[in-house]
Amino acid sequence: MSFIAAPLGFLLRIVFDIVGNYGLSIIVFTVIMKIVLVPLTIKQTKSMKLMQEMQPKIKEIQEKYKNDKEKINIKTMELYKEHKANPLGGCLPMLIQLPIMIGLFTVLRNPGLYVFESEEVYRTIDTSFLWLSNLRDPDLWILPISAGIATYFSSLTMSTGNSNNPTQKMMLYMMPVMIVWWGRGFPAGLTLYWVVNSILQAIQQLIINKPKFLLEFFNKEE
């Protein structure tokens with residue numbers, strides 16, 4: 001994954017050279033990466049929403065032709081064609097983003113290697129940020145708990161709307177707990193990235209999924 005991590009680390013170093021503070025550099029870097037990935041996220045969200053809206057019709061086809069699998073496949077493909085839907089449309093953007101996310105994780109877990117050329121150089125840099133003496137060591141409570149809360153709200157905005165899905169319910173509550181646990185062992189810089197990324201993800205999903213709500217809100221403010 002170094003072929004992806006290396007250019008990402010180079011970008012973070014450019015941001016650091018401009019900003020001059022490692023914590024702020026991670027925040028700016030996270031915002032930049034989120035903006036770059038917006039088109040893929042929008043495409044993925046729209047595709048998943050369309051597939052969700054088509055589920056009742058797909059179930060009707062399955063019930064109507066339950067004894068004829070070939071007919072089910074034909075009618076389902078016709079439905080996809082009619083709505084210009086691609087059953088893999090929600091997966092492809094995710095698959096493209098996955099190696100990028102792994103690359104980001106690699107960079108922020110090993111900044112000495114990918115950002116500052118060596119661990120020795122990295123350790124000479126002031127990585128203090130807010131209450132943290134440095135972003136190299138784990139923060140045991142505040143950042144991990146913030147990451148868990150941010151992950152919960154991010155997952156909530158990405159919910160498919162099926163409140164009766166037990167797997168979705170379990171992940172909604174289990175994932176934040178896991179993030180808190182992991183965050184207590186990761187470098188604080190990586191946990192900071194997760195907090196900022198999750199907050200931006202939640203805001204982005206609210207904008208994509210609820211544009212009418214936002215328009216009404218701003219109209220009321222005026």
Checklist line | Ranked list, fewest to most other Cβ atoms within 10 Å of each Cβ, for 118, 155, 25 | finding: 118, 155, 25
Next item on the list: Please list, in chain and number order, the residues 5+ apart from residue 129 or on another chain whose amide H is under 5 Å from its amide H, with Hs placed from the backbone.
Entry: 134
Item checked: Distance in nm between pseudo-label sites at residue 206 and residue 178 (7 Å out along the Cβ direction from Cα) -> 2.6 nm
Next item on the list: Grab the Cα-Cα distance for residue 19 and residue 124, subtract it from 0.36 nm times how many residues apart they are, and report the gain in nm with one decimal.
Entry: 36.1 nm
Notebook entry, point to check: Extension gain residue 35-residue 95, at 0.36 nm per residue separation less the Cα-Cα distance, in nm?
Noted result: 19.8 nm
Margin query: Within 13 Å, Cβ to Cβ, of residue 138, how many net charges do the neighbouring residues add up to if Lys/Arg are +1 and Asp/Glu are -1?
Written below: +1
Note to self: Could you list 171, 51, 77 so that the one with the fewest beta carbons within 10 Å of its beta carbon is first and the one with the most is last?
What the structure shows: 77, 171, 51
Checklist line | Separation of the residue 82 and residue 117 label points, Cα + 7 Å toward Cβ, nm | finding: 6.3 nm
Next item on the list: Within 10 Å of each residue's Cβ, count the other Cβ atoms and sort 122, 22 from fewest upward.
Entry: 122, 22
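Just so you know, all these numbers are worked out from the coordinates, no wet-lab data involved. These numbers were taken from a predicted model, which means no experiment stands behind them. Glycine also receives a Cβ, built like all others from the backbone with ideal geometry; neighbour counts cover every protein chain displayed.
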